[in-house]
Each structure stands twice: as structure tokens, then as C-alpha cells.
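Have a look at the structure below before the remarks.
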Amino acid sequence: MASSYAYRVRDKQGKLISGMLEGDSEATVANKLRQMGYIVVSITRKAESSFNISFQGLTRIKSKDLTVFSRQFSTMINAGLSLTKSLNILGEQTQNKKLAKIVVEVQHDVEGGQALSEALGKHGKAFPPLFINMVKAGETGGVLDEVLLRVAEHFEKESVLKSRIKSAMSYPTAMFGFCMLILFVMITFIVPIFVNMFDTLGGTLPLPTRILLVLSNLVRNYCIIWILFIIGSIVAFRRFGATEGGRLKIDAVKLKLPVFGKLSKKIAIAKFTRTFGTLVSSGVPILQALDIVGDTAGNAVVTSAVKKTRVSIKEGETIAKPLSENSIFPPMVVHMISVGEETGSLDSMLRKIADFYDQEVTTTVDSLTSLLEPLMIVIMALVIGAIIISLYMPMFQVITLIK
């Protein structure tokens, strides 16, 4: 079984370099380093517990990690450091252990003669297609530092948008969960206490009370079945959404929802225009950029529209014309893209559209939050009030009969 070894070597210029390498033994690692042209100074086996191994395997590479990686990589290259030296430093300094391990592997591939984009392409789960293709364009144009800076800015803006949505929706989500918890506790534990009291009263219970008792029995007696049903429904929904046709139908429904539909549409347009603009400004060819945008749009309806656009461009059409035939793209977006094509400033126009829709998403989320908060409180009050009234209605009847 391969183990990790920490090594220190000197290159042909006598510079001291350190890093990590996997191998079956110290001799194997030493041979690899000598084949790379290094003079071995020291090799030390790094002991790792099984807990650490499993923990690192579960570590996810977030967009924040890629943002920091891209910005640091850009700074080092701009300062005149070589690719291998920059990757070596990043492999040691990157806090995400999984990403650090991948960076070391990329460094070894680059040292072996592979292009940086080719080495990154071996790790498709860590580096998205947008990242790899932009690095390839940067290598080709000799502006890798500028491209990496654009990548960092792209991920930063996407991260800001996601965090705004999450923070705005956290309170309504927590309120909804709290409401459901109270409802479950009352039906499961409070109602049965009143059942014994109702049995001693005799007579016919009011209709709301009977409905509440039936609901309580269904929850208490078939709790396992309900849980299995919910889990099965979630699994079936996810499998349906994993198919091409299922995802297209689900995303189409999302766009038609009363309030959330407009929000989903604005998010999709912001993501499409920002990704497309970043790729175009980095020198990625239009058709290749559309392929990447289609795969990373986040909405199957947008993906389908982008694919049709790509086909039309191959036949000699402009970008704006096929987009205008799809209702998901507002006239303003189509007109700005058309102007960008005519004036040769497509990347600038796409960034302006993305900034506009980022602000629109923020405004919509804030308005939605201000609407949902009082709405959730009202719904919670109505549900709990209805349960309490249903529980006390038989007592009102008894008091009336006694009088």
C-alpha cells in the first residue's frame, strides 16, 4: 500500500524544494525524485492515522478554497515564480488537505512535462470545466496570471450571491421547521392526553376534534410508514431529477412558480451571463465557452436554450438572435448582448448584465424574506390556534350541558 513521504530536494540551480509524494517505499520515492532531475536531501515517511485518512476523504473542495487558490497562484506567477515553484508553495500552504494533495499531484505532472490545464483536467471533481478551460486559454495567450485573477473574482461573486440567498432564507426556513416541530409535538404528545379525558365525557365529539384525533392516530400509529414514505419520495424525486427529461421538467416548473419562479429565473440569468462573460474575456472561443456555460448553467431550461444557440452560431447566426426566441431571456438581456456583439465588447456587456441581475436577486430575496416572515408567523398562529380550539371544543359542550 502506498504511503505519503515528505521530501526535501535541490534542483539544478541548487534551490531547496520540499513537498509530499506517494510511493511504496523510500527507495521508490527517491528514484522518482532523481528521475525528475532533483538531488535528494531527505525523505521522511508521514504517519497518518486511519481517522485522518477517512476525514480527508470526506473533505469537500468549496468554491472558497478555489478562490483563495486562484488568487494566490495568480500573485505568485505575476511575481515571476515558476509554475512548479508556485504549485509547491501552494501545496504546502493550502488549508484544505484534499486540495493540497491534488496540488502536489498536479505539480508532479507539470514537472513531468504536462501542461498545467492537462494536469488539472485529471482532477475534474476538484476543478470545474470553467476553471480548466480558462487556465488553458491563459496558457495559450501567455496571460495565466490575469486569467487566474478573473477566475478568483468569478468565484468570489458567485459565493457572495449564494451567501446572500442563504442568509436571507435562513430565518423563514428555521421558522418553518420550528412550526412543524411544534405541530408534531402537539399531535403526538399533547392530543393523546386529551383523548383519555374525551373518553370519560361520552357523547359525540365535534367534527374538528374528531379530525384532529384521526390525524393524531395516523401520525402515532403509522409513524414508521410515514418516515419511509417521505424518504422514498425524496429518493424517487432525486432519481427523477437526475434524468435529463426529469430535470428539464422540474426546472421548467421552478421557473413558473408564483414568487420563486422569478427568483430562479434571475439567478439562472446572472449565473449564465457571468460565466459566459468570464470565459469570453479570458480568450476562450465562443463555441467552447457556450459548451461550458451550458453544462454549468444550473437550470436545464437555460442549458437547452444555450445548446440551441450554439447550433445557430455554427450556422452563422449571432448569439442574440437564438436567445431572443426563448422566453427565459428578457428583451433587455438580448438587446445588451446584441449591442455587445456589434461593438466588440461582449464580455463587458455580459458582466454588466450579471451585475444588474445580482442586484435584482438581492432585492428580490430581501422582499421575499420580508413577506415570508410575517406570513410564517400567521400560519403558525392559525395552525396552533386551530389545534387548541379543536381540543377545547368538547369542554365547551360539557359546560353548556351542565348549565
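Readers should treat all values here as calculations from the given coordinates under stated rules, not as data from a laboratory. Because the structure is a prediction, the values reported are computed rather than measured. Counting neighbours? That spans all protein chains shown, and the Cβs are built from the backbone with ideal geometry, glycine included.
Along the charge dipole of the range 263-403, Cβ charges K/R +1 and D/E -1, which of THR363, ILE328, LEU375 sits furthest on the positive end?
Positive-most Cα among the choices belongs to LEU375.
Can you bin every Cα-Cα distance in the chain into 10 Å intervals starting at zero and give me the percent of pairs per bin, rounded to whole numbers?
All Cα pairs considered, the percentages come to 4, 16, 20, 19, 16, 13, 7, 4, 2, 0, 0.
For GLY19, enumerate residues with amide H under 5 Å from its amide H, sequence gap 5+ or separate chain, H modeled in the peptide plane.
Those qualifying (amide H under 5 Å, at least 5 residues apart or on another chain) are TYR7.
Would you mind checking LYS32/LYS122; LYS265/LYS352; LYS122/LYS307; LYS98/LYS122; LYS122/LYS157 for any pair whose Cα atoms are more than 22 angstrom apart? Each step should come with its number before you reach the end.
Details: LYS32/LYS122 20 Å; LYS265/LYS352 17 Å; LYS122/LYS307 26 Å; LYS98/LYS122 15 Å; LYS122/LYS157 26 Å.
LYS122/LYS307; LYS122/LYS157, as the Cα separations exceed 22 Å there.
Note the full-extension length gain between LYS314 and ARG210 as 0.36 nm times their separation in residues minus their Cα-Cα distance, in nm to one decimal.
Length gained between LYS314 and ARG210: 30.8 nm.
Can you list the aspartates and glutamates whose alpha carbon is less than 18 Å from that of LYS15, not counting same-chain residues fewer than 8 positions off?
Straight-distance partners of LYS15: GLU92, GLU111.
Taking θ = phi - 60°, what integer Hz values does the Karplus form 6.51 cos²θ - 1.76 cosθ + 1.60 yield along the range 104-120, in sequence order, with x for Gly and Pro?
4, 5, 4, 4, 5, 5, 5, 5, x, x, 7, 5, 4, 4, 5, 5, 5
Here are some pairs, LYS162/LYS271; LYS62/LYS254; LYS62/LYS85; which of them have Cα atoms lying more than 22 Å apart in this structure?
Going by Cα-Cα distance, LYS62/LYS254; LYS62/LYS85 fall outside the 22 Å limit.
Can you give the calculated 222 nm mean residue ellipticity of the chain, where each DSSP H run of n ≥ 4 adds -39,500 (n - 2.57) and the sum is split over every residue, rounded to the nearest 500 deg cm²/dmol? Don't skip to the end; give the middle numbers.
Numbers: 18 runs with 304 residues, N = 403.
That comes out to -25500 deg cm²/dmol.
Given H placed on each backbone N at 1.01 Å, which residues far from VAL41 in sequence or on other chains put an amide H within less than 5 Å of it?
Result for VAL41 returns ARG8, VAL9, ARG10.
If you take the charge dipole of the chain about its Cα centre, with +1 on Lys and Arg Cβ and -1 on Asp and Glu Cβ, which of LEU120, ALA236, SER159 is farthest toward its positive end?
Highest projection toward the positive end goes to ALA236.
Determine the gain in length on full extension of the stretch ILE388-VAL41; use 0.36 nm per residue of separation and subtract their C-alpha separation, reporting nm with one decimal.
Between ILE388 and VAL41, full extension yields an extra 117.2 nm.
State to the nearest 20 debye the size of the charge dipole of the chain about its Cα centre, where the only charges are +1 on K and R beta carbons and -1 on D and E beta carbons.
Dipole size: approximately 680 debye.
If each residue of separation counts as 0.36 nm, what is the full-extension length gain between THR243 and LEU183 once their alpha-carbon separation is subtracted?
Gain on extension, THR243 to LEU183, equals 18.1 nm.
Could you give me the ³J(HN,Hα) list for the range 263-270, computed from phi with Karplus coefficients 6.51, -1.76, 1.60 and θ = phi - 60°, whole Hz, x at Gly and Pro?
5, 4, 5, 5, 5, 4, 5, 4
Would you work out the charge dipole size for the range 315-403 about its Cα centre, treating the Cβ of every Lys and Arg as +1 and the Cβ of every Asp and Glu as -1, and quote it to the nearest 20 debye?
880 debye
Of all beta bridges DSSP finds with both residues in the chain, what is the antiparallel percent, to the nearest 5?
100 percent
For an R0 of 22 angstrom, estimate the FRET efficiency from the Cβ-Cβ distance between PHE176 and LYS62 and round to the nearest 0.05.
Here the calculated transfer efficiency is 0.25.
Just tell me which aspartates and glutamates come within less than 17 Å, Cα to Cα, of LYS314; anything on the same chain fewer than 8 places away is out.
ASP291, GLU325, GLU341
Please name whichever of ILE337, VAL302, LEU218 sits farthest to the positive end of the charge dipole of the chain, dipole taken about the Cα centre and charges placed at Cβ: Lys and Arg +1, Asp and Glu -1.
The listed residue farthest towards the positive side: LEU218.
For a footprinting-style exposure proxy, rank TYR392, TYR357, TYR5 by other Cβ within 10 Å, fewest first. Write out the running numbers ahead of the final one.
Details: TYR392 13, TYR357 25, TYR5 22.
Ordered from fewest to most neighbouring Cβ atoms within 10 Å, TYR392, TYR357, TYR5 come out as TYR392, TYR5, TYR357.
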